[in-house]
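Each remark here refers to the structure printed beneath this line.
Only the coordinates and a few stated rules stand behind these numbers; no lab work does. Just so you know, these numbers come straight off a predicted model, no measurement behind them. Cβ placement follows ideal geometry from the backbone for every residue including glycine, while neighbour counts extend to all protein chains displayed.
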């Protein structure tokens, strides 16, 4: 079972402590991890995954090539399709690392996510390529 608490006011601490006490009574052991400051949300993580998949689809449909290199290939590399993970690891992550110093996509803040995506949008726009828009929640609206 995983539960998240977001504490922004000292008045919320008592409620948190009470809930943790109930869980300890019921289960005998509770492990608490905490983060300080704002980190990316689960919605931002989901949006990143969708955006990377959309870019991979765009690249594959547009004929944007991707080559992998290995000593196995004596005459260079081998052309392969773009995947969500390839976009995330070969485009997003290097920009993220350069801007934030974080390797993991769980570490940047919501503000960092905006800065990283804006940098990538701008870089591709300068090369004449329009990337898919960043996904947004429609809150049940069509």
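Label points 7 Å out from Cα along the Cβ direction at residue 17 and residue 58: separation in nm? Placing both labels 7 Å along Cα→Cβ, they lie 5.1 nm apart. For log10 I(q)/I(0) by the Debye sum over Cα atoms at q = 0.09, 0.11, 0.16, 0.18 Å⁻¹, computed directly from the structure shown, the correct entry in [x] -0.25, -0.37, -0.80, -1.02; [y] -0.49, -0.61, -0.78, -0.90; [z] -0.44, -0.61, -0.96, -1.10 is [z]. The ranking of 116, 20 from fewest to most other beta carbons within 10 Å of each one's beta carbon is 20, 116. Here the relative contact order of the chain, from alpha carbon pairs under 8 Å that lie six or more residues apart, stands at 24 percent. P(r) for the range 42-126, from all Cα pairs and a bin width of 5 Å, is 3, 13, 22, 23, 16, 12, 7, 3, 1 %, short bins first. Among 29, 48, 23, a tally of other beta-carbon atoms within 10 Å of each Cβ gives an order, fewest to most, of 29, 23, 48. Among 7, 97, a tally of other beta-carbon atoms within 10 Å of each Cβ gives an order, fewest to most, of 7, 97. Modelled spin labels at residue 95 and residue 25, positioned 7 Å past Cα toward Cβ, are 5.0 nm from each other.
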